[in-house]
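Enquirer: Would you mind keeping the following structure in view while I ask a few things?
The values are calculated or read from the model by the stated rules, or taken from the named source; none is laboratory data. Quick caveat: nothing in here was measured; it's all calculated off a predicted structure. A quick note on method: Cβ atoms are made from the backbone with ideal geometry, for glycine too, and the neighbour counts reach across all protein chains shown. Surface areas here come from the heavy atoms of the whole protein model, side chains and all, with no ligands, DNA or RNA. Shrake-Rupley method; radii C 1.70, N 1.55, O 1.52, S 1.80 Å.
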Amino acid sequence: MPRCRVTRRVHFNAAHRLHNPARPDAWNAATFGVCNNPNFHGHNSDLDISVEGEVNPDSGYVLDLNTLKQVTEDRVLQHLDHKNLNLDVAWFAHLNPTSENLAIVIWRELRAAVPGELALSVRLWETPRNYVEYAGA
């Protein structure tokens, strides 16, 4: 069977502060710069969710993109969009909400809902010039 990768792009807005409470304020300021602002800062993020697998001969799909859209809304966007990641999102109660950690958490949430025979990867665009990719460990 032929294999294809299909991708859905979604958008969300969220605020965060990068900070390690186990380290001194000077270390946090030097390490995270403006991202350590005590009053937080925000991003308009794009998220590409890709699944790869065999094309189903009956449907012609790898996975119906409407299914991927709904899974993403239910498992990711409702938790992140227009939220303060540090204050509003339980996933980051004890995890620094860097783009890397955010991509890993998103992947894990989606992995639990995407059929296991499909490869899954996420690409999180923090800015138009910076992104993080994660496809599982």
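Enquirer: Report the charge-dipole magnitude of the chain in Debye, nearest 20, computed about the Cα centre from +1 at each Lys and Arg Cβ and -1 at each Asp and Glu Cβ.
Expert: With Lys and Arg at +1 and Asp and Glu at -1, about 280 debye.
Enquirer: Let me ask something else. Wrap a convex hull around the Cα atoms of the range 45-137, take a quarter of its surface area, and give that in square nanometres.
Expert: 6.5
Enquirer: Hey, what do the phi angles of the range 123-137 turn into as Karplus ³J(HN,Hα) couplings, whole Hz, using 6.51/-1.76/1.60 and θ = phi - 60°, x for Gly and Pro?
Expert: Ordered by residue, 3J(HN,Hα) equals 10, 9, 8, 6, 9, x, 10, 10, 9, 10, 10, 9, 10, x, 7 Hz.
Enquirer: With every protein chain present, what is the per residue accessible area of the chain (1.4 Å probe, Å²)?
Expert: Per residue, the chain has an accessible area of 58 Å².
Enquirer: Could you rank the peptides 24-33, 113-122 by their average count of other C-beta atoms within 10 Å per residue, with the highest value first?
Expert: Averaged packing, sorted descending, gives the order 113-122, 24-33.
Enquirer: Rounded to two decimals, what ratio of Rg to Rh does the range 1-107 give with C-alpha atoms and a Kirkwood Rh?
Expert: Ratio of gyration radius to Kirkwood radius: 1.12.
Enquirer: Hey, can you list the DSSP H helices of the chain whose Cα span along the axis is 15 Å or longer and whose average Kyte-Doolittle score is at least -1.0?
Expert: 99-111
Enquirer: In the full protein assembly as shown, how much of residue 134 is accessible to a 1.4 Å probe, in Å² to the nearest 10?
Expert: Ignoring ligands and nucleic acids, residue 134 comes out at about 40 Å².
Enquirer: While we're on this one: First compute the accessible area of the chain with a 1.4 Å probe, then give the percent of it belonging to carbon and sulfur atoms.
Expert: About 49 percent, which is the carbon plus sulfur part of the accessible surface.
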